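Novice: Here you go, one structure.
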Amino acid sequence: MPTSGKRGHRPKRADFDLRMACYIFDQKPVLLLLFIHIFCYLCTPNFPSKPVDWDETMENEVKIFSGTASRYLSENIMDAYGQPLGDLVLQRFSDGEVQPNILESVRGCMVFFIQSTFAPASNLIELLLMIDAAKRASASYITAVIPYFGYARQDRKDKPRVSIGSKMIANILAASGCDRVMTMDLHAAQIQGFFDIPVDHLDSSPIFIPYIQTLDLGNVIFAAPDVGSTNRARTYATYFQTEMVICDKHRKRANEIASMTVIGDVTGKDVILIDDIIDTAGTLTNAAEVLIDNGAKSVRAICTHPVLSGEAYYRIENSKLTELVVCDTIPLKQKSEKIKVLSVANLFADTIKAVVNNNSISKLFVPKI
């Protein structure tokens with residue numbers, strides 16, 4: 001160890017400590033780094049901070065925007081949620097191309113985009129572009145609120161050389177930067193498994209059941225218009241503690257029915273058909289006719305998503321259906337005396353609040369009996 005001073009002279013304490021420290025740090029650089037870290041920690045001033053209002057902070061971090069196709073529904077959802085829609089404009093080029101522009105900062109925000117993906121396909125493209133814009137603007141968490149999930153009927157490979165459209169859409173949503181999907185009454189519940197991100201799959205029964213109770217039907221029975229709707233009809237039959245029947249149909253091709261048979265007794269009953277989608281209305285109107293021919297007193301239909309394409313409105317008006325009850329996940333193209341619309345706005349607003357506050361959404365479902 002180096003020494004200094006005249007022979008017989010003892011070095012001063014301060015000189016000795018400094019030389020010892022230099023020697024140690026020279027031999028062990030990691031000790032020097034540790035010393036610097038401790039020194040900086042001890043010398044950092046503790047700045048006073050005001051208490052944080054977490055409710056206010058969380059509220060400010062939530063931004064909710066709407067696509068053009070679901071603007072009517074988004075405004076109702078925001079009225080129930082208690083917050084205005086975010087500022088977003090959609091630039092349309094002369095060739096039909098669109099470009100969304102978010103006019104407020106979303107950096108670090110929890111962002112929701114509300115857009116159903118019914119036809120045309122540009123509604124889906126618009127949703128994907130909005131998600132991409134938020135991702136590139138550094139949004140912390142992006143949720144796609146899709147009241148009606150288009151392409152859900154393409155949920156399996158039921159013949160050679162066909163696509164599985166719902167799986168492809170799930171992949172595209174995740175690839176675009178979506179962190180979560182919120183939807184209602186998928187055509188098949190297993191579509192949730194196509195996603196590698198969380199899916200909030202809402203049930204329309206909390207909307208329809210209170211309405212059915214107001215009808216005060218004394219001899220009600222529930223019916224599935226096809227085998228695929230059996231589980232939905234059974235849910236209602238179980239809740240109301242009544243029976244159910246099945247209308248077994250055979251198709252020639254898509255949207256064209258060859259024959260239908262009723263499995264069960266409907267004599268003197270007020271029948272309510274349960275389904276997730278009404279498209280051309282061929283299945284429901286044929287089922288209503290077959291049920292009336294088999295002795296049913298009246299036939300109503302409850303369907304979540306009113307796609308209503310082709311001759312759907314004409315068929316409904318000229319059918320034996322007493323009433324068709326739908327949700328506003330898709331806007332009606334025209335008015336009809338037989339069609340009643342119930343809103344999903346409150347249910348989606350409550351679900352968004354639950355997601356924002358990390359609460360369970362189980363309470364938003366009708367309890368099973």
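The values are calculated or read from the model by the stated rules, or taken from the named source; none is laboratory data. Everything numeric in this text was worked out from a predicted model, so none of it was measured. Glycine also receives a Cβ, built like all others from the backbone with ideal geometry; neighbour counts cover every protein chain displayed. Just the protein is used for accessible areas: all its heavy atoms, side chains included, with ligands, DNA and RNA removed. Shrake-Rupley method; radii C 1.70, N 1.55, O 1.52, S 1.80 Å.
Novice: Give the residue that is farthest from I172 (Cα to Cα), with candidates limited to residues of the stretch 120-136 that are among the aliphatic types (A, V, I, L, M) and in contact with a Gly (Cβ under 7 Å, 6 or more places away or on another chain).
Specialist: Step by step, filter the stretch 120-136, then rank; the result is M130.
Novice: Also, I was wondering about something else. What are the pairs with Cβ atoms under 9 angstrom where one residue, in the stretch 317-336, is under 23 Å from A69 (Cα atoms) and the other, located anywhere, is of a type in the set (V, I, T) and in a loop (DSSP other than H, G, I, E, B)? Sequence gap at least six, or different chains.
Specialist: Hits for this filter: C327/V344; D328/V344; T329/V344; I330/V307.
Novice: Follow-up. When the stretch 259-286 is examined, which residues are found to be acidic (D, E) and either touching a residue at least 60 places away in the same chain (Cβ under 8 Å) or surrounded by 22 or more Cβ atoms within 10 Å (Cβ to Cβ) (or both)?
Specialist: D275, D276
Novice: Checking the structure you have, find out if any residue of the stretch 205-222 is in a loop (DSSP other than H, G, I, E, B), at negative phi and of a type in the set (D, E, K, R).
Specialist: No: zero hits.
Novice: Return the residue satisfying two criteria in turn: it lies in the stretch 54-79 and is open to solvent by 80 Å² or more (accessible area, probe 1.4 Å) and under 20 Å from V356 (Cα atoms), and of such residues it is modelled with the lowest pLDDT.
Specialist: W54
Novice: Here are the criteria: (1) open to solvent by 30 Å² or more (accessible area, probe 1.4 Å); (2) among the acidic types (D, E); (3) assigned to a strand (DSSP E or B); (4) touching a residue at least 24 places away in the same chain (Cβ under 8 Å). Tell me which single one E289 does not satisfy.
Specialist: Only one criterion is unmet by E289, namely (3).
Novice: Taking the stretch 117-158 only, how many residues are more than 27 Å from I278 (Cβ to Cβ), part of a helix (DSSP H, G or I) and more than 15 Å from the chain's Cα centre (by Cα)?
Specialist: Going through the stretch 117-158 one residue at a time, the tally reaches 7.
Novice: Let me ask something else about it. For the list (1) outside any strand (DSSP E or B); (2) surrounded by fewer than 16 Cβ atoms within 10 Å (Cβ to Cβ); (3) modelled with pLDDT of 95 or more, I need the number of the one condition that R161 fails.
Specialist: Going through (1) outside any strand (DSSP E or B); (2) surrounded by fewer than 16 Cβ atoms within 10 Å (Cβ to Cβ); (3) modelled with pLDDT of 95 or more one by one, R161 breaks only (3).
Novice: Further question on the same structure: If you go through the stretch 222-234 one residue at a time, do you hit one that is surrounded by 16 or more Cβ atoms within 10 Å (Cβ to Cβ), modelled with pLDDT of 95 or more, among the aromatic types (F, W, Y) and within 30 Å of the chain's Cα centre (by Cα)?
Specialist: Looking through the stretch 222-234, at least one residue is surrounded by 16 or more Cβ atoms within 10 Å (Cβ to Cβ), modelled with pLDDT of 95 or more, among the aromatic types (F, W, Y) and within 30 Å of the chain's Cα centre (by Cα).
Novice: Follow-up. If you check L342 against the conditions, is it of a type in the set (A, V, I, L, M), open to solvent by less than 20 Å² (accessible area, probe 1.4 Å) and in contact with a strand residue (DSSP E or B) (Cβ under 8 Å, 6 or more places away or on another chain)?
Specialist: no
Novice: Would you be able to tell me the number of residues in the stretch 164-192 that are on the phi > 0 side of the Ramachandran plot and either open to solvent by 50 Å² or more (accessible area, probe 1.4 Å) or over 14 Å from the mean Cα position of the chain (by Cα) (or both)?
Specialist: 1
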